[in-house]
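The values are calculated or read from the model by the stated rules, or taken from the named source; none is laboratory data. Since we're looking at a predicted model, the values are computed, not measured. Cβ sites come from the backbone with ideal geometry, for glycine too, and all protein chains shown count toward neighbours. With ligands, DNA and RNA removed, areas are computed over all heavy atoms of the protein, side chains included. Shrake-Rupley method; radii C 1.70, N 1.55, O 1.52, S 1.80 Å.
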Amino acid sequence: MFETHLDATYAWLGLAVVSVATAGVAATLPASPPPDAAGVAHTIETVAGGEYPATAEHGIAADRIRLTPRSVSLGGDGGDARAPLHAPRVTPVPPVDRSGGGDRLRRVLDGVPPDAAFDDPDALAAAAERARSADSGWRPAPERLTVRRVHYGGVHVTLVG
């Protein structure tokens, strides 16, 4: 009457192992999805691919950002996400002057006409080229990313920052 059923013991041990394994897998899953790098890339390419000067903003729910002329990467609690950029002349504008002329590019991105910030279109083109070739590492992400396509003479540049 008080005998142990061997099958019941193995069933309980198996159930305990599966429960612990399931809890371990659930604990390693991220609490939130990765940031929306594809949405940011779409906003950049929409403005950059246009024929006319334009400005757009995109809200960012990420902790860090990495902008290059060919990609945008976002990182947060849910992991990292990267999206390629196919538009020409995408110019990342750093929050501080690291590229020489970055302060003037930042002013243009913030709404100042390019002819008020630069002496001539060649100066704008040179500053944009320096910004595109500058090392672009991870930095803290702003709450909103601004994208502005400007024309100055024959120079067409899309500033992102």
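Scoring residue 119 on the criteria (1) without any contact (Cβ under 8 Å) to a residue 60 or more places away in the chain; (2) within 21 Å of residue 43 (Cβ to Cβ) leaves a single failure, condition (2).
Which of the numbered conditions does residue 72 fail, given that it passes all the others? Conditions: (1) modelled with pLDDT of 95 or more; (2) open to solvent by 40 Å² or more (accessible area, probe 1.4 Å); (3) not aromatic (Phe, Trp, Tyr). (2) is the only condition that residue 72 fails. Scanning region 122-161 for residues that are open to solvent by 10 Å² or more (accessible area, probe 1.4 Å), in contact with a His (Cβ under 9 Å, 6 or more places away or on another chain) and not β-branched (Val, Ile, Thr) yields 144, 149. Within region 31-63, being open to solvent by less than 80 Å² (accessible area, probe 1.4 Å) and either in a strand (DSSP E or B) or in contact with an Asp or Glu (Cβ under 9 Å, 6 or more places away or on another chain) (or both) holds for 32, 34, 35, 37, 43, 54, 56, 58, 59, 60, 62. The single condition among (1) over 16 Å from residue 71 (Cα atoms); (2) assigned to a loop (DSSP other than H, G, I, E, B); (3) within 18 Å of the chain's Cα centre (by Cα) that residue 111 does not satisfy is (3).
To keep it simple, each residue is scored yes or no on (1) modelled with pLDDT of 95 or more; (2) farther than 15 Å from residue 159 by Cβ.
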residue	(1), (2)
78	no, yes
99	no, no
113	yes, no
117	no, no
121	yes, no
127	no, no
131	no, no
137	no, yes
141	no, yes
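Tell me whether region 51-65 contains one or more residues that are closer than 24 Å to residue 130 by Cα, touching a Ser or Thr at 6+ places or on another chain (Cβ under 6 Å) and in contact (Cβ under 8 Å) with a residue 24 or more places away in the chain. Yes: region 51-65 contains one or more residues that are closer than 24 Å to residue 130 by Cα, touching a Ser or Thr at 6+ places or on another chain (Cβ under 6 Å) and in contact (Cβ under 8 Å) with a residue 24 or more places away in the chain. Scoring residue 107 on the criteria (1) within 15 Å of residue 149 (Cα to Cα); (2) at pLDDT below 90; (3) surrounded by 14 or more Cβ atoms within 10 Å (Cβ to Cβ) leaves a single failure, condition (2).
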